[in-house]
1. Going by how many other beta carbons lie within 10 Å of each one, how would you line up GLU51, GLU36, fewest first?
2. Using a/c under 1.5 as the rounded threshold, could you call segment 18-94 rounded, prolate or oblate? The axes a ≥ b ≥ c are square roots of the C-alpha gyration tensor eigenvalues, and prolate needs a/b larger than b/c, oblate otherwise.
3. Sort segment 18-58 into rounded, prolate or oblate with this rule: let a ≥ b ≥ c be the square roots of the eigenvalues of the Cα gyration tensor; rounded if a/c is under 1.5, and if a/c is not under 1.5, prolate when a/b is larger than b/c, oblate otherwise.
4. Modelling each spin label as a point 7 Å along the Cα-to-Cβ direction, I'd like the GLN38/VAL72 distance in nm, to one decimal.
5. What does the net charge come to around ALA76 if you take all other residues with beta carbon closer than 9 Å to its beta carbon, with K and R at +1 and D and E at -1?
6. Among residues other than GLN41 whose Cβ falls under 12 Å from its Cβ, what is the net charge (Lys/Arg +1, Asp/Glu -1)?
7. Roughly what would the spin-label model give for ASP48 and GLN90, points 7 Å off Cα along C-beta, in nm?
8. Taking a label point 7 Å from the Cα of ASN30 along the Cα→Cβ vector, which residues of segment 54-89 have an amide N closer than 12 Å to it?
Amino acid sequence: MTASQPEYQQRPAPLAGYRALSGDEIDMVNAWKDTERQLAQLWAVTYDFPEVDRHCLDVAKDAFTTAFMWAVRGVARPRDVFAEARADPQLRGD
């Protein structure tokens, strides 16, 4: 790494459909992921607490997982391949 490159400069997106993120975007995604880990720890402690309704906690875990996924997607903004397929007549067979 050269002195002129930031420590976390991202290479071209390694996954199909994803774009390269800026340093600020990477920091934001990492902040969401850190918060997700903290919430997961609280969830695990609560799950082991005596006489809790684990079904409710399982539902909460699913909601948390979905919420964090959408928050990260909101920052990363991957391509919407379904919208692209609808917009391309050749892909639809028109």
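1. Placing the least packed residue first, the sequence is GLU51, GLU36.
2. Oblate, since a/c reaches 1.5 and b/c is not below a/b.
3. It is prolate, given that a/c is not under 1.5 and a/b is the larger ratio.
4. My value for the distance between the label points is 1.8 nm.
5. +2
6. -2
7. Result: 5.7 nm between the two label points.
8. Counting backbone N atoms under 12 Å from the label point, the list is empty.
None of the figures in this text is laboratory data; all of them are computed from the coordinates on show. In this text the structure is predicted, and so the values were computed from the model without any measurement. Note that we place each Cβ from the backbone using ideal geometry, even for glycine, and neighbour counts take in every protein chain shown.
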